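To start, the structure itself, in structure tokens.
The values are calculated or read from the model by the stated rules, or taken from the named source; none is laboratory data. No experiment lies behind these values; they were computed from the predicted model shown. Here the Cβ positions follow ideal geometry from the backbone for every residue, glycine too, while neighbour counts run over all protein chains shown.
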Amino acid sequence: MTKASMECSAGISNPSIEDWKKRGKPVLGYICAYIPRELIHAGGILPYRIGARGCATTTQADAWMASLTCSFSRSCLELALRGEYSFLDGLISMNTCECMRRMCDNTQGNNAPQYHEDIN
């Protein structure tokens, strides 16, 4: 793996995203693999797949979602509540599963990006 690849996979944000943002270009987070990221990129927007990288606890998310829900969705919410996705200019989600729908619902008003669209 190259040094650039290692840097990009090391954390939530990375040098490539920071460089993109410095050039004044928007970053749009997306949840589901069915989101057409090629169309997002064609519009001059960097698509960013939301993940739970590095999340070991879900203390804040547990206040918003039941502990029996999917740990992936709770971890994504935890990172959002901590402000880890603050570099996003928007979030786009799909009706893929109930847990991820609740995660997206709970981000609204809680460190959420300005733009949020749910595709059904």
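Please work out which residue is nearest to the chain's Cα centre (by Cα), limiting yourself to segment 60-75 and to residues that are assigned to a helix (DSSP H, G or I) and within 15 Å of Gln108 (Cβ to Cβ).
Restricting attention to segment 60-75, the residues satisfying the condition of being assigned to a helix (DSSP H, G or I) are 61-63, 71-75.
Remaining after also requiring within 15 Å of Gln108 (Cβ to Cβ): 61, 73.
Details: Ala61: 14, Ser73: 11 Å.
The selected residue is Ser73.
Residues in segment 76-85: is at least one surrounded by fewer than 20 Cβ atoms within 10 Å (Cβ to Cβ), aromatic (Phe, Trp, Tyr), touching a residue at least 40 places away in the same chain (Cβ under 8 Å) and in a loop (DSSP other than H, G, I, E, B)?
Among the residues of segment 76-85, not one is surrounded by fewer than 20 Cβ atoms within 10 Å (Cβ to Cβ), aromatic (Phe, Trp, Tyr), touching a residue at least 40 places away in the same chain (Cβ under 8 Å) and in a loop (DSSP other than H, G, I, E, B), which makes the answer no.
Just to be sure I understand, how many residues within segment 1-51 are modelled with pLDDT under 90, aliphatic (A, V, I, L, M) and either part of a loop (DSSP other than H, G, I, E, B) or surrounded by fewer than 10 Cβ atoms within 10 Å (Cβ to Cβ) (or both)?
Residues flagged as modelled with pLDDT under 90, aliphatic (A, V, I, L, M) and either part of a loop (DSSP other than H, G, I, E, B) or surrounded by fewer than 10 Cβ atoms within 10 Å (Cβ to Cβ) (or both) within segment 1-51 amount to 7.
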